[in-house]
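Notes to accompany the following structure.
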Amino acid sequence: MTIGMTKIGVIGAGQMGCGIAHVSALAGYDVTLYDLSQERIEAALATINGNLARQVVGGKITEEDRKAALSKIKGSAAMGDLAPMDLVIEAATENEAVKRKIYAELCPILNPAAILATNTSSLSITRLASATDRPERFMGIHFMNPVPVMKLVELVRGIATQEDTFAAARAFVTSLDKVVTVAEDFPAFIVNRILLPMINEAIYTLYEGVGTVEAIDTAMKLGANHPMGPLQLADFIGLDTCLSIMQVLHDGLADSKYRPCPLLVKYVEAGWLGRKAGRGFYDYRGEVPLPTR
Ligand SMILES: NC(=O)c1ccc[n+]([C@@H]2O[C@H](COP(=O)([O-])OP(=O)(O)OC[C@H]3O[C@@H](n4cnc5c(N)ncnc54)[C@H](O)[C@@H]3O)[C@@H](O)[C@H]2O)c1
């Protein structure tokens, strides 16, 4: 744990929020995981327990670690429970209006000394900071998915972020046994600036009939040595998140090369959001994922 920070709040108990709560609790922090409904919180705690149990089976942690970590996570559907936190990491849906609404509700009740961070994949840190009462104690702490597995965390300063805020965030991330890389506040930072156009191009390749889902993923796994095909990865990230990142790149960099593929738009409109929805480029409802095209 880092000196002076013991209580970590996480907003949004989705894929990323669960992962951030998981690794923070394992590192000994007291975590409050907030989402809109009790139902969502209960599902999240069950997911975290399942993921911890998998780490026990894999020999990465002990049964005692699992129990200790679970006991450190408190779920809450009441934002007031975040008031005494030292650091709050917002990992809600990738939508600026949603995030702004959360900050408007949170800032008046949050400990004035607390640091507020966002796990956004693409939105401007400076612009999000301006929607808070503490731009100097606001920054991007961008974890990768799945958080317990992925080593990297991108740290992103807004224009007003103070150096002590950055230093505290770096110390926190290092205490989780993660590796920090620093990105400037440009749309989608480093990893997604490079990764998402590749995924979008894979979706164009499918859209234009160059290959099937299986052909495209096999080609990139065996032909480019990627551990996972780009369409499988898109499903894993969430197609709504992928679309949102492409829109941020397109709007923010005003270059047509970032135009989201119409097929990606259509899948999101259909609610086929990938693994979390049971269907995306693969159908996850059976025993094994089946390509849909
Ligand atoms: N999926 C990825 O691979 C990935 C990787 C890095 C960063 N991110 C970023 O992390 C954030 C979350 O992504 P995710 O994949 O976990 O999404 P998700 O859809 O799995 O989860 C989002 C969660 O936010 C909750 N939420 C929505 N509005 C809320 C509100 N007003 N208050 C509290 N909770 C609210 C939803 O109920 C849901 O549980 C996004 O900003 C995304 O860009 C995602």
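The values are calculated or read from the model by the stated rules, or taken from the named source; none is laboratory data. If you're wondering where the values come from, they're calculated on a predicted model, not measured in any experiment. All Cβ positions, even for glycine, are placed from backbone atoms using ideal geometry, and neighbour counts span all protein chains on display. Please note that ligands, DNA and RNA were not included when accessible areas were found on the heavy atoms of the full protein model with its side chains. Shrake-Rupley method; radii C 1.70, N 1.55, O 1.52, S 1.80 Å.
Tallying residues that are closer than 15 Å to residue 39 by Cα and either touching a Pro at 6+ places or on another chain (Cβ under 7 Å) or open to solvent by 50 Å² or more (accessible area, probe 1.4 Å) (or both) within the stretch 68-77 yields 1.
The residues of the stretch 78-92 that are surrounded by fewer than 15 Cβ atoms within 10 Å (Cβ to Cβ) and within 15 Å of the ligand (Cβ to nearest atom), listed by number, are 78, 80. Within the stretch 32-67, the set of residues being open to solvent by 50 Å² or more (accessible area, probe 1.4 Å), touching a residue at least 12 places away in the same chain (Cβ under 8 Å) and more than 17 Å from residue 15 (Cα to Cα) comprises just one member, 65.
All conditions in (1) within 13 Å of the ligand (Cβ to nearest atom); (2) farther than 23 Å from residue 127 by Cα; (3) crowded, with 23+ Cβ neighbours inside 10 Å hold for residue 25, with the sole exception of (1).
The set of residues in the stretch 95-141 that are within 15 Å of the ligand (Cβ to nearest atom), outside any loop (DSSP other than H, G, I, E, B) and open to solvent by 10 Å² or more (accessible area, probe 1.4 Å) comprises 96, 97, 98, 100, 101, 102, 104, 105, 127.
When residues in the stretch 202-219 are screened for being open to solvent by less than 60 Å² (accessible area, probe 1.4 Å) and closer than 12 Å to residue 262 by Cα, 4 of them pass. A Cβ distance below 7 Å, combined with a sequence gap of six or more or placement on separate chains, defines the contacts here; from the stretch 169-185, residues that are under 11 Å from residue 5 (Cβ atoms) and assigned by the TED database to the domain that holds residue 154 reach residues that are buried (at least 16 other Cβ atoms within 10 Å of the Cβ) and at pLDDT 95 or above in the pairs 169/115; 169/117; 169/139; 169/141; 169/155; 172/87; 175/27.
Among the residues of the stretch 6-18, those identified as more than 18 Å from residue 274 (Cα to Cα) and within 10 Å of the ligand (Cβ to nearest atom) are 10, 11, 12.
The rows are residues; the columns are (1) at pLDDT 95 or above; (2) of a type in the set (Val, Ile, Thr); (3) in contact with a Lys or Arg (Cβ under 6 Å, 6 or more places away or on another chain).
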{"position": "13", "(1), (2), (3)": "yes, no, yes"}
{"position": "19", "(1), (2), (3)": "yes, no, no"}
{"position": "23", "(1), (2), (3)": "yes, yes, no"}
{"position": "35", "(1), (2), (3)": "yes, no, no"}
{"position": "41", "(1), (2), (3)": "yes, yes, no"}
{"position": "49", "(1), (2), (3)": "yes, no, no"}
{"position": "55", "(1), (2), (3)": "yes, no, no"}
{"position": "59", "(1), (2), (3)": "yes, no, no"}
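Might you let me know whether the stretch 265-275 holds any residue that is touching an Asp or Glu at 6+ places or on another chain (Cβ under 9 Å), loosely packed, with under 15 Cβ neighbours inside 10 Å and hydrophobic (A, V, I, L, M, F, W, C)? Looking through the stretch 265-275, none of the residues is touching an Asp or Glu at 6+ places or on another chain (Cβ under 9 Å), loosely packed, with under 15 Cβ neighbours inside 10 Å and hydrophobic (A, V, I, L, M, F, W, C). Within the stretch 82-96, the set of residues being out of contact with any Lys or Arg (no Cβ under 7 Å at 6 or more places or on another chain), within 16 Å of residue 6 (Cα to Cα) and touching a residue at least 60 places away in the same chain (Cβ under 8 Å) comprises 82, 87, 88, 89. The residue list 128, 110, 106 contains one member that is within 27 Å of residue 253 (Cβ to Cβ) and outside the structural domain of residue 247 (by the TED database), which is 128.
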